[in-house]
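Bear in mind these aren't lab numbers, they're just calculated from the coordinates by the rules spelled out. In this text, all values refer to a predicted model and were calculated from it rather than measured experimentally. Cβ sites come from the backbone with ideal geometry, for glycine too, and all protein chains shown count toward neighbours.
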């Protein structure tokens, strides 16, 4: 199984100006550094939550179809299913007919179920691909306010505590930030 980001988000949930205002910075000496911190903070929090904050295209490659024919999509929220495809005898992915599967993108995690037998998958490695769009939407304004605030706080924390080690200790994400994103954490039942 492999999960690959095919198309990244084209904007960040917070702008460079948002962060500079938050940090009360009025110069441009650190713009490149702050911009990279914004991206790193978003990726760090997305990874921790198993979520995409902004619209992104993902491909999930499976070696075999699960025994119950249900495929869990591990990056949420899912906006839409682009396609399901299986590899053919000449190693080309062919789309599976949309009538051969159903999906539930409202659940968390979203999942897809194959409801009709698939033709032979011609590879034992990554023979099935599910491509889907995930995120809260394409615009920064689509991202929930607590997540935006958590990104601002994390960038501020990193800006104040340069480098991975300060005062002889490795810094973790502060608990106040983890508390901000806690409502968005997946609940496993």
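Tabulated data for the structure shown
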read-out: Alpha carbon convex hull of the chain, volume per residue in cubic angstrom; value: 153 Å³
read-out: Label point at residue 160 placed 7 Å out along Cα→Cβ; residues across region 12-37 whose backbone nitrogen lies under 13 Å; value: 23-24
read-out: Degrees between helix 31-49 axis and first principal axis of the chain (Cα, 0 to 90, nearest 10); value: 50 degrees
read-out: Region 6-66 - Rg (one decimal) and Dmax (whole number), Cα, Å; value: 15.6, 54
read-out: Fraction of antiparallel bridges per DSSP, the chain only, in percent to nearest 5; value: 95 percent
read-out: Separation of the residue 10 and residue 125 label points, Cα + 7 Å toward Cβ, nm; value: 3.5 nm
read-out: Modelled FRET efficiency - R0 35 Å, residue 3 with residue 30, Cβ distances, 0.05 increments; value: 0.55
read-out: Nearest-ten-degree value, helix 145-160 long axis tilted from longest Cα axis of the chain; value: 50 degrees
read-out: Over region 56-134, volume per residue of the alpha carbon convex hull, in Å³; value: 84 Å³
read-out: Mean separation of Cα contacts under 8 Å, 6 or more apart, over the residue count of region 1-137: relative contact order %; value: 32 percent
read-out: Pairwise centroid distance, computed over Cα atoms, of region 52-69 with region 75-92, Å; value: 7 Å
read-out: Value of [θ]222 nm, deg cm²/dmol, for the chain, DSSP H segments ≥ 4, -39500 (n - 2.57) each, nearest 500; value: -8500 deg cm²/dmol
read-out: Length added when fully stretched, residue 176-residue 63, from 0.36 nm per residue minus Cα-Cα; value: 36.7 nm
read-out: Estimated inter-spin distance, residue 22 and residue 90, nm [label 7 Å along Cα→Cβ]; value: 5.1 nm
read-out: Mean Cα-pair separation over length for region 56-134, i.e. relative contact order, pairs under 8 Å, 6 or more apart, %; value: 50 percent
